[in-house]
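To start, I am sharing the structure in question, which I have written as structure tokens.
The values are calculated or read from the model by the stated rules, or taken from the named source; none is laboratory data. Since this is a predicted model, take the numbers as computed values, not measurements. Glycine also receives a Cβ, built like all others from the backbone with ideal geometry; neighbour counts cover every protein chain displayed. Please note that ligands, DNA and RNA were not included when accessible areas were found on the heavy atoms of the full protein model with its side chains. Shrake-Rupley method; radii C 1.70, N 1.55, O 1.52, S 1.80 Å.
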Amino acid sequence: DYVVVKMIPDNRLPPRHLHAVHTGKTFAVIKWESPYDSPDQDMLYAVAVKDLVRKTDKIYKVKSRNSTVEYTIKKLEPGGKYHVIVQLGNMSKESSMKINTVPLSAPDALKIITENDHILLFWKSLALKESNFNESRGYEIHMFDSLMNITAYLGNTTENFFKVSNLKIGHNYSFSVQARCLYSGQMCGEPATLLYDELGTGEDSSATKSGSSTDVAAIVVPVLFLLLVTLGIGFVVLYMRHRRLQNSFTAFANSHYSSRLGSAIFSSGDDLGDEDDEAPMITGFSDDVPMVIA
């Protein structure tokens, strides 16, 4: 025996399994399941987004008959903090979660130039890679003194450089540059950090290995190029000398070639001397001189 039981849908239940699928700088993709399986009609959801930094609220309406609903919340701010609430339109029980958007990237190529009584920090404009960053927002600079174990706020600027003075001899410093924090320091960019020792040399902690490898490559590549050029010139010189020697030998061999014997005849050098120079050259034989064959 068996009996079939059909449960009555309860629209007062909250959405299930609310979670964030992906979070970017200006958007967040959230996902949840309907209060009960296989809805037989469209369900209207209310998605409330509370900005915990600006203290503002926005409500979006989502209609779906699917058991699983995915929704993208747009027009968020980089580095923001939000509280998301999802419930049915009849104000049933709710599901909630908190999300943090991705902050702005750190400025690239942070470098130090040492002057007589101060140093200058330089970096690339963040607007080159961040479309959501406006130069009018500016940057803020912090300094950490490892000897005193204190962090100081040096100020902010809308330029791509900053002057730092009154550094103490024998102290090691760490400088950080980031997009200026908004709303009482609650919405900041990622910092770029640079180490600076008491000898006045700067070192980028985020790119030490890449920087050193780049410097080595800048030295090794020209040296290898010069070696290759030198070897090429040496091979050309050797080849030309070889061709000259070969041509000289060919000319010398041709000058000693005997067409009668079909070969070249070279003197051993034993019969050469002063007497050979004085001996008369035999040009021929007379008909009346008998030839004696031993």
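Given the whole protein assembly as supplied and a 1.4 Å probe, what does the accessible area of residue 52 come to in Å², nearest 10?
Solvent-accessible area, nearest 10 Å²: 60 Å².
Something else about it: Which FRET efficiency value, to the nearest 0.05, is calculated for residue 70 and residue 10 with the Förster distance at 25 angstrom and r the Cβ-Cβ distance?
E(calc), rounded to 0.05, equals 0.60.
Extension gain residue 63-residue 144, at 0.36 nm per residue separation less the Cα-Cα distance, in nm?
Once the chain is fully extended between residue 63 and residue 144, it gains 24.0 nm.
Need the list of lysines near residue 55 for cross-linking: C-alpha distance under 21 angstrom, and skip anything on the same chain fewer than eight residues off.
Partners within reach: 25, 74, 75, 81, 98.
Per-residue accessible area for residue 184 at 1.4 Å probe radius, Å² rounded to 10?
Surface open to solvent at residue 184 totals about 120 Å².
What whole-number value in Å² describes the accessible area per residue of the range 16-100 for a 1.4 Å probe?
57
May I ask you to rank 118, 242 by accessible area, largest first, using a 1.4 Å probe over the protein chains only?
If we order 118, 242 from most to least accessible, we get 242, 118.
Modelling each spin label as a point 7 Å along the Cα-to-Cβ direction, I'd like the residue 220/residue 127 distance in nm, to one decimal.
Result for the modelled spin labels: 4.0 nm.
Now, a different point. For residue 163, list the lysines whose Cα falls under 27 Å from its own Cα; do not include residues on the same chain fewer than 8 positions away.
Straight-distance partners of residue 163: 111, 124, 129, 209.
For a label point 7 angstrom out from the Cα of residue 52 toward its Cβ, which stretches of the range 58-78 have the backbone nitrogen within less than 19 Å?
Taking a point 7 Å out along Cα→Cβ of residue 52, the residues of the range 58-78 whose backbone N falls under 19 Å are 58-59, 73-78.
Please list, ordered by chain and number, the residues whose modelled amide H lies under 5 Å from the amide H of residue 27; skip anything fewer than 5 residues away on the same chain.
Those qualifying (amide H under 5 Å, at least 5 residues apart or on another chain) are 76.
What are the ³J(HN,Hα) values, in whole Hz, obtained from phi via the Karplus relation 6.51 cos²θ - 1.76 cosθ + 1.60 with θ = phi - 60°, for each residue of the range 35-42 in sequence order, with x given for Gly and Pro?
Values, residue by residue: x, 9, 6, 6, x, 9, 7, 5 Hz.
Considering only DSSP states other than H, G, I, E and B, which trypsin sites (Lys or Arg not before Pro) in the range 25-62 qualify as loop sites with at most 10 other Cβ atoms within 10 Å?
Working: sites: 25, 31, 50, 54, 55, 58, 61; in loops: 25, 54, 55.
In loop regions of the range 25-62 (DSSP not H, G, I, E or B), the sparsely surrounded trypsin sites (Lys or Arg not before Pro) are 55.
Now for a separate question. Let me spell out the model: positive unit charges on the Cβ of Lys and Arg, negative unit charges on the Cβ of Asp and Glu, origin at the Cα centre of the range 108-197. What dipole size does that give, in debye rounded to 20?
100
What's the long-distance tail for the range 93-147, i.e. % of Cα pairs beyond 13 Å?
So the pairs more than 13 Å apart make up 75 percent of the total in the range 93-147.
May I pose another question? Tell me the carbon and sulfur percent of the accessible area for the range 63-152, rounded to whole percent, probe radius 1.4 Å.
Values: 2470 of 5020 Å².
Carbon-and-sulfur percentage of accessible area, whole number: 49.
Mind checking which of 123, 103, 183 is farthest towards the positive end of the range 35-186's charge dipole, using Cβ charges of +1 (Lys, Arg) and -1 (Asp, Glu) about the Cα centre?
The one lying farthest along the dipole's positive direction is 183.
I would also like to ask the following. What's the Cα-based Rg to Rh of the range 16-100, Rh via Kirkwood?
0.97
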